[in-house]
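See below for the structure under consideration.
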Amino acid sequence: MTGTASAPTKLSPAELPVAILLTQGPSATGIARSLHLSPQTVHYHLSHIRRKIGVPGIRPTPLVNVLLERRLVATPVPGRAAPDLPADDLALLEAIAHKPSLDAIAERTGISRRKVPARIDHLLEVAGAISTEHLVSLARGWQLLGTPQDLTVADTDTDRSASPVPPSPDTADRSATPHAA
């Protein structure tokens, strides 16, 4: 079973700026500040976007990927050339874009679960990204990510026991569960 919506989806005028800012990397609190909204309103819009596109349990980083894959948000043009990434970093990038947890990323890439956070931090640094959401946006702009992939029910992972991808230190205003936005 896939989470792909069959009919074309369009974001509302209230949802679009939230989605655009999400692709740029700030937390829900940062988005709220930028749009002069409450964090609860931002969470409401993100929840509605998830339901609208048919992936209600998806975490923010894969959500950014889906928004860009489906062209619901324009892919930003990075202001710099793509870093020259080795194959293992490209595989990690694909996993970050599509998988909901550190465990799933480790399984997909073959990287030890305990080493995944450090590898993600390194990739964030090399790419000059402030968060994994920003990293996925940059990677889409650089055309480093493959063709669209349908998300399965397992990929949406509404089980909060799965460890989310950690935010970068630059996004310190994230809540206690940073990717449960």
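The values are calculated or read from the model by the stated rules, or taken from the named source; none is laboratory data. Bear in mind the structure is a predicted one, so any value in this text is a computation, not a measurement. All Cβ positions, glycine included, derive from the backbone under ideal geometry; neighbour counts span all protein chains shown. When the accessible area is computed, the model is the full protein with side chains, heavy atoms only, and any ligands, DNA or RNA have been set aside. Shrake-Rupley method; radii C 1.70, N 1.55, O 1.52, S 1.80 Å.
How many residues does segment 69-85 contain that are more than 15 Å from the chain's Cα centre (by Cα) and either of a type in the set (Asp, Glu) or open to solvent by less than 70 Å² (accessible area, probe 1.4 Å) (or both)?
5
May I ask you to verify whether residue 60 is crowded, with 21+ Cβ neighbours inside 10 Å and modelled with pLDDT of 90 or more?
Judged against the criteria, residue 60 is a match.
For segment 12-42, enumerate the residues that are touching a residue at least 24 places away in the same chain (Cβ under 8 Å), open to solvent by less than 40 Å² (accessible area, probe 1.4 Å) and part of a helix (DSSP H, G or I).
The answer is 15, 18, 19, 22, 23, 28, 30, 42.
Test of understanding: among 155, 159, which residue is modelled with pLDDT under 95, open to solvent by 10 Å² or more (accessible area, probe 1.4 Å) and under 14 Å from the mean Cα position of the chain (by Cα)?
155
Report whether or not residue 97 is of a type outside the set (S, T, N, Q) and modelled with pLDDT under 90.
Values: of a type outside the set (S, T, N, Q): yes; modelled with pLDDT under 90: no.
No; evaluated as a whole, the condition is false for this residue.
Being of a type outside the set (D, E, K, R) and either surrounded by fewer than 20 Cβ atoms within 10 Å (Cβ to Cβ) or assigned to a loop (DSSP other than H, G, I, E, B) (or both) is the filter here, so list the residues in segment 122-133 that pass it. Walk me through it before giving the result.
Start the filter on segment 122-133 by keeping residues that are of a type outside the set (D, E, K, R), which leaves 122-124, 126-132.
Correct list: 122, 126, 128, 129, 130, 131.
How many of the residues making up segment 107-121 are open to solvent by 60 Å² or more (accessible area, probe 1.4 Å), closer than 21 Å to residue 22 by Cα and in contact with a Leu (Cβ under 9 Å, 6 or more places away or on another chain)?
Going through segment 107-121 one residue at a time, the tally reaches 0.
Are there any pairs with C-beta distances below 7 angstrom linking a residue in segment 43-63 that is under 14 Å from residue 15 (Cβ atoms) to a residue that is in a helix (DSSP H, G or I) and open to solvent by 30 Å² or more (accessible area, probe 1.4 Å), with the two at least 6 apart or on different chains, and if so which?
Final answer for the pair search is none.
When you go through (1) assigned to a helix (DSSP H, G or I); (2) free of Cβ contacts under 8 Å to residues at least 24 places away in the same chain; (3) within 28 Å of residue 126 (Cβ to Cβ) one by one for residue 67, which number turns out not to apply?
Just one mismatch for residue 67, condition (2).
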